[in-house]
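To start, the structure under review is shown below, and the notes come after it.
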Amino acid sequence: MVVKVTKDNLTDILKKAIGILNKGGIIAYPTETFYGIGARFDIENALKRIYELKKRPEEKPMPLIIGDRKMLLMISVPINNTVSALMDKFWPGPLTLLLRAKKELSQYLTAGTANIAVRIPGESIALQLAIMMGFPITATSANLSGMPPAEDAETVLKYFGNTIDLIIDGGKTPGGFSSTIIDVTGEKIKIVREGAIPISALKDF
């Protein structure tokens, strides 16, 4: 099902999406970069279904988005002052942090790494969804593994047809670079992938 966002119906669409997520369904939604696929972080069958639909290798972990930092308590061990300062500077925004995961998290999220990738997205439908949801949701790109990420709902539909329970059509996303990923689990910060936030900005920080 594809539902197009207008200036009047976004709240109703988000409520519908949350109802689907809470029942173990999966959705596609626009972020501040590309479209992502969402499932609740704690519903194993939904996470497995995303891997199967994307044909995603099981050794690749699946990132999450959250609506506020309180939700970190559900997924990660306590953070230090440096990580907190990074969040102050770059969240909400396209900076994904690799944190030490809570032991009970699904292997579909961590891929056995003991880490979890998470961010608060920049201004977008994704951010409003994450805030209203109140739980972490997945934010893996809406594409088949190895294919370009989707910038619009039409491309999501081309990739997945009707196998996704709800596609939120928020128009074309900005595209460009995916989120920058940094590993903050050790004593030194490591750049895993340079993306929308350049390394120079992190070095300045």
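The values are calculated or read from the model by the stated rules, or taken from the named source; none is laboratory data. Computed from a predicted model, the values in this text were never measured in an experiment. Using ideal geometry, Cβ is built from the backbone for each residue, glycine included, and neighbour counts are taken over all protein chains shown.
So which of 9, 45 is more than 16 Å from the chain's Cα centre (by Cα) and within 18 Å of residue 106 (Cβ to Cβ)? Don't jump to the end; show me each part of the working.
Details: 9 fails: within 18 Å of residue 106 (Cβ to Cβ).
Every option except 45 fails the conditions.
Of the conditions (1) in contact with a strand residue (DSSP E or B) (Cβ under 6 Å, 6 or more places away or on another chain); (2) farther than 27 Å from residue 194 by Cα; (3) without any contact (Cβ under 8 Å) to a residue 60 or more places away in the chain, residue 19 clears all except one; give me its number.
All conditions are met except number (1).
Here is a yes/no grid of residues against (1) within 13 Å of residue 170 (Cβ to Cβ); (2) hydrophobic (A, V, I, L, M, F, W, C); (3) at pLDDT 95 or above:
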| site | (1), (2), (3) |
| --- | --- |
| 1 | no, yes, no |
| 7 | yes, no, no |
| 33 | yes, no, no |
| 36 | yes, no, yes |
| 46 | no, yes, yes |
| 58 | no, no, no |
| 63 | no, no, yes |
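Which residue is surrounded by the most Cβ atoms within 10 Å (Cβ to Cβ), if the candidates are limited to the stretch 179-188 and must be under 17 Å from residue 118 (Cα atoms) and of a type outside the set (A, V, I, L, M, F, W, C)? Walk me through how you get there before you give the answer.
Let us first name the residues in the stretch 179-188 that are under 17 Å from residue 118 (Cα atoms), namely 179-186.
Of the ones still in play, those that are also of a type outside the set (A, V, I, L, M, F, W, C) are 179-180, 183, 185-186.
Working: 179: 26, 180: 23, 183: 16, 185: 19, 186: 9.
Within the stretch 179-188, the match that is surrounded by the most Cβ atoms within 10 Å (Cβ to Cβ) is 179.
If we keep just the residues of the stretch 47-85 that are among the basic types (Lys, Arg) and exposed (fewer than 12 other Cβ atoms within 10 Å of the Cβ), which is farthest from residue 144 (Cα to Cα)?
Residues of the stretch 47-85 that are among the basic types (Lys, Arg), as a first pass: 48-49, 54-56, 60, 69-70.
Narrowing further to those that are exposed (fewer than 12 other Cβ atoms within 10 Å of the Cβ): 55, 70.
Numbers: 55: 6, 70: 32 Å.
Checking each candidate, the answer is 70.
Go through the stretch 8-98 and tell me which helices (runs of 4 or more DSSP H), entirely inside it, have 2 or more residues that are closer than 15 Å to residue 130 by Cβ and of a type in the set (Val, Ile, Thr).
Values: elements: 10-22, 44-54, 72-75, 81-90.
Counting at least 2 such residues, we get 10-22.
Based on what the data block shows, is residue 92 free of Cβ contacts under 8 Å to residues at least 60 places away in the same chain, surrounded by 15 or more Cβ atoms within 10 Å (Cβ to Cβ) and closer than 20 Å to residue 111 by Cβ?
Here the answer is no, as residue 92 does not meet what is asked.
Please specify each residue of the stretch 132-154 satisfying the condition of being surrounded by fewer than 17 Cβ atoms within 10 Å (Cβ to Cβ) and hydrophobic (A, V, I, L, M, F, W, C).
As a first pass, look at the stretch 132-154 and keep what is surrounded by fewer than 17 Cβ atoms within 10 Å (Cβ to Cβ): 132, 134, 144-148, 154.
Listed by number, the residues that qualify are 132, 144, 147.
Got a number for residues in the stretch 115-132 being over 19 Å from residue 56 (Cα atoms) and either at pLDDT 95 or above or among the polar types (S, T, N, Q) (or both)?
At the first step, the residues of the stretch 115-132 found to be over 19 Å from residue 56 (Cα atoms) are 119-132.
Adding the requirement that they be either at pLDDT 95 or above or among the polar types (S, T, N, Q) (or both) leaves 119-121, 124-132.
Count: 12.
Please work out if residue 130 is of a type outside the set (Val, Ile, Thr) and closer than 20 Å to residue 35 by Cα. Reasoning before the result, please.
On the way: of a type outside the set (Val, Ile, Thr): yes; closer than 20 Å to residue 35 by Cα: yes.
It is true that residue 130 is of a type outside the set (Val, Ile, Thr) and closer than 20 Å to residue 35 by Cα.
Determine whether the stretch 101-122 contains at least one residue that is in contact (Cβ under 8 Å) with a residue 40 or more places away in the chain, basic (Lys, Arg) and surrounded by fewer than 18 Cβ atoms within 10 Å (Cβ to Cβ).
So far as the stretch 101-122 goes, no, none of its residues is in contact (Cβ under 8 Å) with a residue 40 or more places away in the chain, basic (Lys, Arg) and surrounded by fewer than 18 Cβ atoms within 10 Å (Cβ to Cβ).
Within the stretch 166-178, is there a residue that is more than 17 Å from residue 37 (Cβ to Cβ) and either without any contact (Cβ under 8 Å) to a residue 40 or more places away in the chain or surrounded by 21 or more Cβ atoms within 10 Å (Cβ to Cβ) (or both)?
For the stretch 166-178, residues more than 17 Å from residue 37 (Cβ to Cβ) and either without any contact (Cβ under 8 Å) to a residue 40 or more places away in the chain or surrounded by 21 or more Cβ atoms within 10 Å (Cβ to Cβ) (or both): present.
Just the residues that are surrounded by fewer than 24 Cβ atoms within 10 Å (Cβ to Cβ) and touching a residue at least 24 places away in the same chain (Cβ under 8 Å), please, taken from the stretch 34-45.
Taking the stretch 34-45 and keeping what is surrounded by fewer than 24 Cβ atoms within 10 Å (Cβ to Cβ), we get 40, 42-45.
Hits for the stretch 34-45 are 40, 42, 44.
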